[in-house]
Each structure stands twice: as structure tokens, then as C-alpha cells.
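**Student:** Structure provided below as C-alpha cells; questions to follow.
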Amino acid sequence: MARSYRYVHYDVFTDRVFCGNQLAVFLDGRGLSTETMQAIAKEMNFSETTFLLPPEATGTDVRMRIFTPAEELPVAGHPTIGTTFALAEEGVIAPGQAEFVFDLKAGPTPVSLEWRNGKLAFAWMTQKLPTFVGAIRDRDALAAALGLTPSQLIAEKPVEVISCGVPFLFVPIASRAAVDSVAIDSRALTRVFRESALDERATFLFTTERGTGPETVYSRMLGPGLGVAEDPATGIASGPLGCYLVKHRIVPPDKADAMISLQGVKMGRPSHVHISIGIGRNGDIASVRVGGEAVLAGEGTLYV
């Protein structure tokens, strides 16, 4: 006989429904195998689906497993922010509680909470300090693989892989129009990674060309290898994005704690990802946080 599993649907990194990044949260994943969780994530067909379980690591509040339609992730941003809002709405996180710690495959992951009139208003996820993995050698070949001309890349800035838990390739581009025009040639991009002696990663494209809003950068994330052709908001990429902006002096240190990435516009799902990079006494990166809002869009029951 099939068992029923309740889930809630949130739109994350937005304050209104039908924007941001969709997330399904299964509030009690007990009894589900890894294979079934993966099948459910494929069935939901959102960028990620989360499953909540009793905590296993000391000092954590709940265990969370995160799946894209294609694979399990050790950590991710919009699932962490969105699930925080779900737990607050369900009363698992008490009103006014300042901190909550997820037990993830990547390790304990703390979230800081901001409340307004007894409701969760904003959540900040702490990410790992950045690892700068390596740079692309052949920029002309990369531009061609992205459907761009070499002049549409920012010449004086590197194209490099950075990780705050999950690695991404960061590509600085001259204009918003060029960011929107990118269309990846998968085989050509695979060759570019191989010739740079790098493992292939999802591609994060961004520009600092100004728009009419407060955003610091305008961005897209293309990750077909994750089972996600394009993601409207990628929190776990936004931490290393902030690190890139600070390291390469695109954003000055006095602005590093208040950056915004506008992502998802090309998809019709605009998302605002807040980024806060702490700078140490020696000018090094001392902390990485990504934050945002989320709204309840619906709920349902799945029979397994």
C-alpha cells in the first residue's frame, strides 16, 4: 500500500509568488530510500527538492538531503533558505529564534534568522570559505563555446572555477545583452575544461553593467550536468560570486557586505540573492554569507 508524503512548495529569493527559484520541501522524509528521493526530485522537476530527517551530527537541528532531478548535492543555497522558511511556517523553528543549524552532507550549516511581527522575514546562510580551483586557459575557445565573441568577455578579469561548497565556473561578461545571448555548445565547453586540466562544472555568467535597480551584478547559471538547464537563483554559487567580485577588486571592501545578484530574468523568474563577504584585518575573505526571502506557493501530497 502506498504511503503519503506531504510537501510544501516555496518560491525562494523573492518576496512574491511566480518569481525566484521553486523548491519542494518534504517535511518528513523518514522511510524513503535514496533511490526514491532521487525519483521524487525527478518527478517534481524543480531545480532542487529537499527531504527532512532527524539530525545525526552533534549540534545540528535537522538533517536535510538535497536532490536535483539528476543527483544529490552536499549543500545548496536556495534549498537551505527555502527550507528555513518552511520550518518557520510549520513552527519547527520558533518565532524569534536567532540561529538554526542544518545537518548536510557537506557538514553542519548554520542559518541566521531575521523576524518581523512574529514572521520570518529574512534568512542568511553561512557558506564555507572559498577555494580558487583554477582558470580557463583558452578564452577564445571558451567564448566560442558560449556563443560569444572574445570581446564580449571582460579581458582583464580571469574566468575561473571557485567553490564555497560546490564548484562553479565564473565568467565575467561585458553586458547584460551578452549574458542573455549565451547558448552553450556542450561538446566545445567540455573540450575547454579538459584543455585547462579542470573538471567540468556548471557555468555562472555575470556582468556588472548597471540596470535600473539596486543590484550589483546581473547573472545566469547554466547547469545541464546537474539536470538543470538553467537555474533562476543559485545560492551556493552566489557566495563564490561575491568572493570573485571582492578578490578581483570589482567591488571595494566597504561594499562587500551588501551585494545583490539579480538572476533569473532571462527565464521570467527574477530573483534577488543577497551576498555578504566579511573582510579580515589582512584584507582576506573571513566569512561568506548568502541570504534572501521566500514565499509559500502551495502544498501537496505525493503517494509512494
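**Student:** Would you point out which residue out of 299, 293 is surrounded by fewer than 19 Cβ atoms within 10 Å (Cβ to Cβ), among the charged types (D, E, K, R) and either closer than 20 Å to residue 133 by Cβ or at pLDDT 95 or above (or both)? Step through it out loud before you land on a result.
**Tutor:** On the way: 293 fails: surrounded by fewer than 19 Cβ atoms within 10 Å (Cβ to Cβ).
Exactly one of 299, 293 is surrounded by fewer than 19 Cβ atoms within 10 Å (Cβ to Cβ), among the charged types (D, E, K, R) and either closer than 20 Å to residue 133 by Cβ or at pLDDT 95 or above (or both), namely 299.
**Student:** Please go through region 46-69 and pick out each residue that is within 17 Å of residue 301 (Cβ to Cβ) and either assigned to a loop (DSSP other than H, G, I, E, B) or of a type in the set (Val, Ile, Thr) (or both).
**Tutor:** Matches in region 46-69: 46, 49, 50.
**Student:** Of all residues in region 1-25, count the ones that are touching a residue at least 60 places away in the same chain (Cβ under 8 Å), assigned to a strand (DSSP E or B) and either crowded, with 21+ Cβ neighbours inside 10 Å or not aromatic (Phe, Trp, Tyr) (or both).
**Tutor:** 12
**Student:** One residue is enough: does region 94-109 have a residue meeting the conditions assigned to a strand (DSSP E or B), of a type in the set (Ser, Thr, Tyr), touching a residue at least 40 places away in the same chain (Cβ under 8 Å) and under 30 Å from residue 53 (Cβ atoms)?
**Tutor:** There is no residue in region 94-109 that is assigned to a strand (DSSP E or B), of a type in the set (Ser, Thr, Tyr), touching a residue at least 40 places away in the same chain (Cβ under 8 Å) and under 30 Å from residue 53 (Cβ atoms).
**Student:** In region 188-213, how many residues are under 20 Å from the mean Cα position of the chain (by Cα) and not aromatic (Phe, Trp, Tyr)?
**Tutor:** Of the residues in region 188-213, 8 are under 20 Å from the mean Cα position of the chain (by Cα) and not aromatic (Phe, Trp, Tyr).
**Student:** Would you be able to say whether some residue in region 177-191 is closer than 24 Å to residue 291 by Cβ and among the charged types (D, E, K, R)? Break it down into steps so the answer makes sense when it comes.
**Tutor:** Of the residues in region 177-191, the ones closer than 24 Å to residue 291 by Cβ are 179.
Next, only the ones that are among the charged types (D, E, K, R) stay: none.
No; the residues of region 177-191 include none that is closer than 24 Å to residue 291 by Cβ and among the charged types (D, E, K, R).
**Student:** So which residues in region 160-193 are of a type in the set (Gly, Ala, Ser) and either in contact with a helix residue (DSSP H, G or I) (Cβ under 6 Å, 6 or more places away or on another chain) or under 24 Å from residue 75 (Cα atoms) (or both), if there are any at all?
**Tutor:** 163, 165, 174, 178, 188
**Student:** Can you confirm whether region 184-201 contains a residue that is within 22 Å of residue 42 (Cα to Cα) and assigned to a strand (DSSP E or B)?
**Tutor:** Within region 184-201 (the criterion being within 22 Å of residue 42 (Cα to Cα) and assigned to a strand (DSSP E or B)), the answer is no, since none of the residues qualifies.
**Student:** Related question: Quick check, is residue 185 surrounded by fewer than 16 Cβ atoms within 10 Å (Cβ to Cβ), within 20 Å of the chain's Cα centre (by Cα) and at negative phi?
**Tutor:** Judged against the criteria, residue 185 is not a match.
The values are calculated or read from the model by the stated rules, or taken from the named source; none is laboratory data. This structure is a prediction, so every number in the text was calculated from the model and none was measured. Cβ coordinates were reconstructed from backbone atoms using ideal geometry, including for glycine residues, and neighbour counts include every protein chain displayed.
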